[in-house]
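To start, the structure under review is shown below, and the notes come after it.
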Amino acid sequence: MRPPIETRPPYGLMVWAVISLLLSLAFYAAPLRIAGGPDLMPMLPLIALFIWSTVRPRFIPPIVVFVVGILQDVLTGGVLGVWALSFLIAMIITRSRDDDGPNREIGPVWVRFLATLAIAIIVAWSAGSLAIGQMAPVRPLLIEAVASGLMFPLIALVSIRRRSLRGSFG
């Protein structure tokens, strides 16, 4: 019988958190480099950051959020620091929350993710517009936001189901 998850060393989960964040960055950036077409990819790095900060907040300190944002800027060819700032502000604001209900039900978590997503989009658009000296295009960000908002419940349910088989989601 395996010991409860709270008493086991967290190193395996920490490694899995890093691997899942790096994979989310790779999947997010790959279509941009390959197709060169419209960006229909959900913001997988933000989804991964949000889920990990919900499941294991101590695995996602602000420096990790910052590094993921910088790596996203580098991989997508964006203005350096825009997504780092966006992710940091969104995660800081949404981490000051109440409990999401018993066993962190998907409804309240999804609403909190949508708030995080909206904050991240607004900050990224504003910072990007300031960085380039003109209004940044809104349409690509809105497409990503809609794709992310629609994809989040599926990814979160898979994560929640996997965790509920082993123990609590929190």
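Contour minus end-to-end for residue 40 and residue 154, with contour as 0.36 nm per residue of separation and end-to-end as the Cα-Cα distance?
39.4 nm
Label points 7 Å out from Cα along the Cβ direction at residue 142 and residue 27: separation in nm?
2.7 nm
Values quoted throughout were computed directly from the atomic coordinates according to the rules given, and no laboratory measurement underlies them. Note that this is a predicted model, so its numbers are computed, not measured. Backbone-built Cβ (ideal geometry, glycine too); neighbour counts: all protein chains shown.
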